[in-house]
1. For segment 13-51, how many residues are among the polar types (S, T, N, Q) and under 11 Å from the mean Cα position of the chain (by Cα)?
2. Give the residues of segment 11-25 that are among the aliphatic types (A, V, I, L, M) and loosely packed, with under 15 Cβ neighbours inside 10 Å, sorted by residue number.
3. Of these, I88, I94, which one is aliphatic (A, V, I, L, M), over 27 Å from V7 (Cα atoms) and modelled with pLDDT of 90 or more?
4. Could you name every one of the helices (runs of 4 or more DSSP H) located completely within segment 1-59 that has at least 1 residues being under 19 Å from A83 (Cβ atoms) and at pLDDT below 95?
5. Of the residues S68, S72, which single one is modelled with pLDDT under 90, over 17 Å from the mean Cα position of the chain (by Cα) and either closer than 21 Å to A19 by Cα or in a helix (DSSP H, G or I) (or both)?
Amino acid sequence: MFTVCVVLSLLQLFHEATAVEFLETLLYHADCCEALAEHSLELIDYSTLAITRLLAGSTEKVSEPSHSLKPSQDLEQKEMTLAFNIGIKCISIIGCIAQHLDK
C-alpha cells in the first residue's frame, strides 16, 4: 500500500513538474507574461508555496539515483528530486514575471 501511494504521489509530481517547466519556458517571453494579466498573482502564490516547501521540507542533499537503493527508497529519492526541480523552476518563474513586470 505504501508503494502505491508513493507511486501516485510521484506521478502527480511528475505532471506538476512538466507543467511548471512548460510555464517557465513560456514566461521567458514578455508577451506570455502580459497575457497572464491577473492570473500572475495566482502563479506567484503557487510559486512561493513551492519555494517555501523546498526550503522548509528537507535538509537532506538531493543526489543522483543509485542502483543500490531499495525500490521504495528509490521512489522517495525521485520524489525529492522532482520537488526540488519544481522549486527551482518556480524561482525562475518569479524571476521572469519580475523581469517583465514593467511591461
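The values are calculated or read from the model by the stated rules, or taken from the named source; none is laboratory data. Treat the numbers as computed from the prediction; the structure is a model and nothing was measured. Glycine gets a Cβ as well: all are built from the backbone with ideal geometry, and neighbour counts include every protein chain shown.
1. Initial filter on segment 13-51 (among the polar types (S, T, N, Q)): 18, 25, 40, 47-48.
Still in the running and under 11 Å from the mean Cα position of the chain (by Cα): 18, 47-48.
Looking only at that region, the number is 3.
2. Taking segment 11-25 as the starting set, the residues that turn out to be among the aliphatic types (A, V, I, L, M) are 11, 13, 17, 19-20, 23.
If the condition is that a residue be among the aliphatic types (A, V, I, L, M) and loosely packed, with under 15 Cβ neighbours inside 10 Å, then L11, A19 are the ones that fit.
3. I94
4. On the way: elements: 2-26, 30-36, 39-57.
It comes to 2-26, 39-57.
5. Result of the check over S68, S72: S72.
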